[in-house]
Amino acid sequence: MSFSDKFHLRIPGPTPVPARVMQAMQKPMIGHRSGEASSLYLECSAKLKLVFGTKTDPLLLSSSGTGALEAAVVNTVSPGEEAVVVVTGAFGDRFAKIVQKYGITLHRLDLPWGKACDPDLLASFLRQHPAAKAVFFTYCETSTGVLNPVRELAQSVREHSDALVIADGVSCLGAVPCKMDEWGIDIMVTGSQKALMLPPGLAFAAVSQRAWKQIEQNPTPRFYLDLLAYRKNLEKETTPYTPALSLLYGLAEALAMLEEEGLPRVFARHERLKTMTRAGIKALGLELMTSDADASPTVTSVYGGREKWEAETLRKELRALGVGVAGGQQHLKGKIFRIGHMGYCDELDILTVLSALEIALIKTGVPVELGSGVKAAQEVMLHV
Ligand SMILES: *Cc1c(COP(=O)(O)O)cnc(C)c1O
């Protein structure tokens, strides 16, 4: 790699930030209680509603994504109460850990990593735990590249329980459809550094009326993450504490980009990027971690080989070529690598990754035919 600024960051977050978003973040600082800050906030909020598929204003937190995950837990369920967490990978596991930390009784529905949760399975699990106050699950499970069927999961919860439906959309909102009001999702959270094309530092939580009732009655002590404070300040078109204003400028620009492309086309692009990536990987004879049906449009996990060192050696070769892909988390460390293809990513970026992957495979002693993965992806590009 000769130019560090040309590094191809293809991990599932943080993701590359477009030049116009970077530029927007250079604006001079403003007062956080100024009219300018309010209109910036309202402009972002109006466009974010479309990303979430909600009529309510998403609340803005200055934190990483986990801050919004923790807010979703601490505001809705109190110690001693029960919650169900669907764990399809490392991020479902994070929800479970937060729930446990707060002394909430955890009912954990574990699925094999690499598989999506079946709504009927969740239904029968809920019948065993009728006292659950909330059900938490992950929309895109970033650690495996699974997209859970959140619409059907939400429906399942609504049919079998009074629990709130809470979803983590950090690694897919802005890249896949979300209609939280229509689907019956009570809290949807996301963060800035994945499909929204921004640096890390902002998180969002959209909250339903049903959830607000539970939040108002929840006695758990909380301060920075007290969503009631965010709702109260929203009425005054502001946030309770100083938000990351530069990131807000960037957000307005990133949301303008999504608006210009049009959300349906943004979603179609991500579908195409997924299909191209998977076609390329298959053509190279490598093994995908998820089925076509469960695969997320934002991240693809690939087995790195039979030996533990193989995935890591491959990642090292790719890094030397100027391409960054992610490794596995928890027990998948050293076993898989993950290609992020969300946000500021287009078809030619996928061809670049596959092309570099072919070279890296050959360098690590895996005999593949040069161009075979790229060709398969090009064919998708031409015909899909
Ligand atoms: C990235 C991510 C998060 C948040 O991680 P932070 O490092 O706190 O921003 C949460 N959930 C999922 C599914 C993610 O991919």
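Rule-based calculations on the coordinates, nothing more; no lab input. Owing to the predicted nature of the structure, the values given are computational and were not obtained by experimental measurement. When we count neighbours, we look across all protein chains shown, and the Cβ atoms used for this are built from the backbone with ideal geometry, even at glycine.
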Query raised in the report: Which of the lysines could a cross-linker span from residue 333 if the Cα-Cα distance has to be under 26 Å and same-chain partners fewer than 8 positions apart are dropped?
Result: 97, 101, 115, 194, 274, 282, 308, 316, 363
Query raised in the report: In degrees from 0 to 90, rounded to the nearest 10, what is the angle of the helix 65-74 Cα long axis to the longest principal axis of the chain?
Result: 30
**Report entry** Rg over Rh [alpha-carbon atoms, Kirkwood Rh] for the range 280-384
**Finding:** 0.93
Report task. Take peptides 91-100, 154-163 and line them up by average Cβ neighbours within 10 Å, highest first, as a rough protection proxy. Result -> 91-100, 154-163
Query raised in the report: Counting Lys and Arg as +1 and Asp and Glu as -1, what is the net charge of the other residues whose Cβ lies under 11 Å from the Cβ of residue 294?
Result: -2
Query raised in the report: Which of the peptides 372-380, 296-304, 198-206 is most tightly packed, and how do the rest follow, judged by the mean count of other Cβ atoms within 10 Å per residue?
Result: 296-304, 198-206, 372-380
Query raised in the report: Counting Lys +1, Arg +1, Asp -1, Glu -1, what net charge surrounds residue 107 among other residues with beta carbon under 13 Å of its beta carbon?
Result: 0
**Report entry** Helical contribution to [θ] at 222 nm, DSSP H n ≥ 4, -39,500 (n - 2.57), averaged over the chain, rounded to 500
**Finding:** -14000 deg cm²/dmol
Query raised in the report: Ranked highest first by the average count of other Cβ atoms within 10 Å around their residues, in what order do 358-369, 318-329 fall?
Result: 318-329, 358-369
Requested in this report: For the chain, find the longest principal axis of its Cα atoms and tell me its angle to the long axis of helix 308-321, 0 to 90°, nearest 10.
Outcome: 80
**Report entry** Label-to-label distance, nm, for residues given as residue 235 and residue 124 (7 Å Cα→Cβ offset)
**Finding:** 4.7
Report summary line: Ranked by GNM mean-square fluctuation in the chain (Cα springs under 10 Å), the top entry among 210, 315, 269 is 210
Query raised in the report: Taking a Cβ-Cβ separation under 4.7 Å as the criterion for a possible partner, which cysteines of the chain have none?
Result: 44, 117, 178, 345
Query raised in the report: Taking the Cα-to-Cβ direction at residue 217 and at residue 110 and moving 7 Å from each Cα, how far apart do the two end points lie in nm?
Result: 3.3
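According to the square roots a ≥ b ≥ c of the eigenvalues of the Cα gyration tensor, what is the shape class of the chain, taking rounded for a/c under 1.5, prolate for a/b larger than b/c otherwise, and oblate for the remainder?
Since a/c reaches 1.5 but b/c is at least a/b, the shape of the chain is classed as oblate.
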Report task. Can you tell me the 0 to 90 degree angle between the C-alpha axis of helix 372-383 and the longest principal axis of the chain, rounded to 10? Result -> 60
Query raised in the report: Quick one: putting +1 on the C-beta of Lys and Arg, -1 on the C-beta of Asp and Glu, what dipole do you get for the chain around its Cα centre, in Debye to the nearest 20?
Result: 580
Query raised in the report: Where a ≥ b ≥ c are the square roots of the eigenvalues of the C-alpha gyration tensor, would you call the range 104-194 rounded, which needs a/c under 1.5, or, failing that, prolate if a/b is larger than b/c, or oblate?
Result: prolate
Query - Cβ-based charge dipole, the range 263-383, positive-most Cα from 290, 355, 334 - result: 334
Requested in this report: Taking the Cα centre of the range 1-60 as origin, sum charge times position over the Cβ atoms of Lys and Arg (+1) and Asp and Glu (-1), and report the length of that vector in debye to the nearest 20.
Outcome: 120
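Taking other Cβ within 10 Å of each residue's Cβ, how do 15, 105 sort, fewest first?
If I rank by nearby Cβ atoms, fewest first, I get 105, 15.
Determine the sum of side-chain charges near residue 176: Lys and Arg each +1, Asp and Glu each -1, restricted to other residues whose C-beta is under 14 angstrom from that of residue 176.
Combined, the nearby Lys, Arg, Asp and Glu give +3.
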Query - Projected label distance in nm at residue 375 and residue 162, using a 7 Å step from Cα toward the beta-carbon - result: 6.3
